[in-house]
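Below is one structure, written out as structure tokens; the observations come after it.
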Amino acid sequence: METRILIRTESGIKGFSYKWNQDQTDAFYQAGASKENLVIHENGTDHNFSYYFPSSNDCHRCHTDSKSVILGFTTSQLNKDVVHNGHSVNQLELFSKSEWLDASDFGGTYSNLPKYVDYRDQNASLDQRARGFMDVQCATCHNLQTNTGNAKLNLNYSTSLAQTGLCNKVPHAGDAGMPNRKLLEPGHPETSILMARLNSNDPALRMPAVATSRIDIDASRMMNDWIKSLQDCR
């Protein structure tokens with residue numbers, strides 16, 4: 001469907017979107033944002049899906065200086081096992097052997113480096129899964145450097161729950177149709193505005209605000225269980 005690239009220029013990083021033709025022989029630069037209606041076949045069921053091709057300006061809504069512009073290319077997200085040539089290998093080790101990274105920068109070892117768990121990993125703790133999910137999906141905008149919009153949140157993984165501005169706090173950017181509720185109420189996902197936003201397909205309410213058009217059921221279930229497990233904001 002599409003290839004997105006970031007290019008470093010003298011004036012900074014710029015994003016570009018290229019749409020592939022039906023024959024998959026060439027891709028063409030998209031000067032502005034556009035949509036294409038598709039039908040997705042999933043688990044024996046057809047779903048209507050509106051695919052969004054972003055404009056160059058859209059790229060900068062997420063690729064900000066506060067997160068070093070290049071999202072995903074962080075130690076915590078890259079430090080995991082992947083399959084290469086039929087064998088399981090640590091991805092950082094693979095990059096080092098390919099001379100994409102200098103192993104001397106982190107002592108040549110990987111076991112002690114920070115890493116996020118897959119939010120779908122049932123063997124990991126709910127706290128690890130939820131906080132890693134929010135760092136990747138939310139902290140791009142919601143951090144001390146960016147402070148996007150009116151929601152004064154800091155959802156970085158290293159920030160304690162009490163300091164995120166989320167737990168037992170009233171909203172600063174709308175109540176998502178839930179008056180007199182908190183952004184996150186420990187033990188009560190049903191009254192937490194955070195869950196209302198995660199479970200919404202309304203562009204005015206949903207979070208993440210961009211690059212989403214379907215509710216992530218697995219993420220919603222995991223976040224619901226995490227909030228239910230909380231007893232306080234510690």
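The values are calculated or read from the model by the stated rules, or taken from the named source; none is laboratory data. Since we're looking at a predicted model, the values are computed, not measured. Because the Cβ atoms are built from the backbone with ideal geometry, glycine has one as well, and the counts that use them run over all protein chains shown.
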message: Just to be sure before I move on: is Asn154 modelled with pLDDT under 95, buried (at least 16 other Cβ atoms within 10 Å of the Cβ) and either out of contact with any Cys (no Cβ under 7 Å at 6 or more places or on another chain) or under 21 Å from Ile70 (Cα atoms) (or both) in the structure I sent?
response: yes
- line: Residues of segment 61-117 being closer than 18 Å to Cys141 by Cβ, exposed (fewer than 13 other Cβ atoms within 10 Å of the Cβ) and of a type in the set (Ser, Thr, Tyr), in sequence order, are Ser68
message: For Asn143, only one of the following conditions fails: (1) in a loop (DSSP other than H, G, I, E, B); (2) outside the structural domain of Glu190 (by TED's automatic domain parsing); (3) buried (at least 19 other Cβ atoms within 10 Å of the Cβ). What is its number?
response: (2)
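Okay, residues lined up against (1) without any contact (Cβ under 8 Å) to a residue 12 or more places away in the chain; (2) not basic (Lys, Arg); (3) not assigned by TED's automatic domain parsing to the domain that holds Lys152:
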position	(1), (2), (3)
Gly177	no, yes, no
Arg181	no, no, no
His188	no, yes, no
Ser192	no, yes, no
Pro203	yes, yes, no
Arg214	no, no, no
